[in-house]
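Data first, discussion second: the structure below is written as structure tokens.
The values are calculated or read from the model by the stated rules, or taken from the named source; none is laboratory data. For clarity, every value in this text was computed on a predicted model and none was experimentally measured. Here the Cβ is made from the backbone with ideal geometry for all residues, glycine too, and neighbour counts use every protein chain on show.
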Amino acid sequence: PIEFIFKPEKSIISQRQLGIDMTTFAGGLKHVLRQDPNVIMLGEMRDLETIATAITLAETGHLVLATLHTYNAVQTIDRIIDIFPPHQQGQVRSQLSGILTAIISQRLLPSREGGRIAAREILLNNNAVANLIREGKIAQIKSTIETNSASGMVTMDKHIKLLYETGKIEKETAELYMEDKRGVE
């Protein structure tokens with residue numbers, strides 16, 4: 001079902017619902033090209049056909065925004081590539097290296113004041129990231145994020161540490177959610 005109705009204030013928005021406007025999610029994505037969209041917002045990319053179609057849509061010049069349940073940018077890239085059979089993964093790495101703009105990962109943490117606060121990891125595609133994806137050196141992307149903070153990239157651990165240092169989360173929360181278990185010394 002459609003979970004949120006977007007109001008068309010500065011653009012035309014056409015929302016589609018599975019089972020009413022289309023019989024399959026992937027089929028609906030293929031049909032969307034007939035409407036000549038500029039931006040395509042997907043829900044979660046759950047299967048190979050949906051991910052493959054999203055890649056094709058991005059290759060045709062559309063801005064594709066999608067969600068995937070992962071904890072960080074490296075895991076997101078791995079999940080996209082790994083859903084394909086081994087004989088297609090090299091091609092997918094090549095495609096992904098060319099079409100990816102950014103990955104923003106988010107985790108909702110308990111905030112100090114009650115409620116939740118978003119901790120984020122931001123990966124922006126650049127030549128170094130694209131080369132690592134193309135060469136299958138996905139695990140090295142984290143160090144690229146760490147060394148490119150001036151361009152707006154941030155690791156999940158660094159952002160969690162910042163949330164702690166600015167008093168938005170407790171030390172125990174930071175240590176629980178940080179990958180680097182040395183925590184917030």
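Here I103 fits the description: touching a helix residue (DSSP H, G or I) at 6+ places or on another chain (Cβ under 6 Å), of a type in the set (V, I, T) and crowded, with 16+ Cβ neighbours inside 10 Å. Selection of region 175-185 for residues being under 16 Å from L108 (Cβ atoms) and without any contact (Cβ under 8 Å) to a residue 60 or more places away in the chain yields L176, M178. Tallying residues that are closer than 30 Å to H87 by Cα and in a loop (DSSP other than H, G, I, E, B) within region 112-146 yields 5. Kindly indicate whether any position in region 51-59 is farther than 21 Å from I138 by Cβ and in contact (Cβ under 8 Å) with a residue 60 or more places away in the chain. Within region 51-59, not a single residue is farther than 21 Å from I138 by Cβ and in contact (Cβ under 8 Å) with a residue 60 or more places away in the chain.
Rundown of residues vs (1) more than 14 Å from the chain's Cα centre (by Cα); (2) within 30 Å of T147 (Cα to Cα); (3) outside the structural domain of I13 (by TED's automatic domain parsing), yes/no style:
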residue: L29; (1), (2), (3): yes, no, no
residue: L42; (1), (2), (3): no, no, no
residue: T53; (1), (2), (3): yes, no, no
residue: A73; (1), (2), (3): no, yes, yes
residue: S94; (1), (2), (3): yes, yes, yes
residue: G98; (1), (2), (3): yes, yes, yes
residue: Q106; (1), (2), (3): no, yes, yes
residue: L109; (1), (2), (3): yes, yes, yes
residue: L124; (1), (2), (3): no, yes, yes
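Answer yes if at least one residue in region 16-29 is surrounded by fewer than 16 Cβ atoms within 10 Å (Cβ to Cβ) and touching a strand residue (DSSP E or B) at 6+ places or on another chain (Cβ under 8 Å), and no otherwise. Checked against the condition, which is being surrounded by fewer than 16 Cβ atoms within 10 Å (Cβ to Cβ) and touching a strand residue (DSSP E or B) at 6+ places or on another chain (Cβ under 8 Å), region 16-29 yields at least one hit.
Within this structure, V154 fails the test of being touching an Asp or Glu at 6+ places or on another chain (Cβ under 7 Å) and over 30 Å from S97 (Cα atoms).
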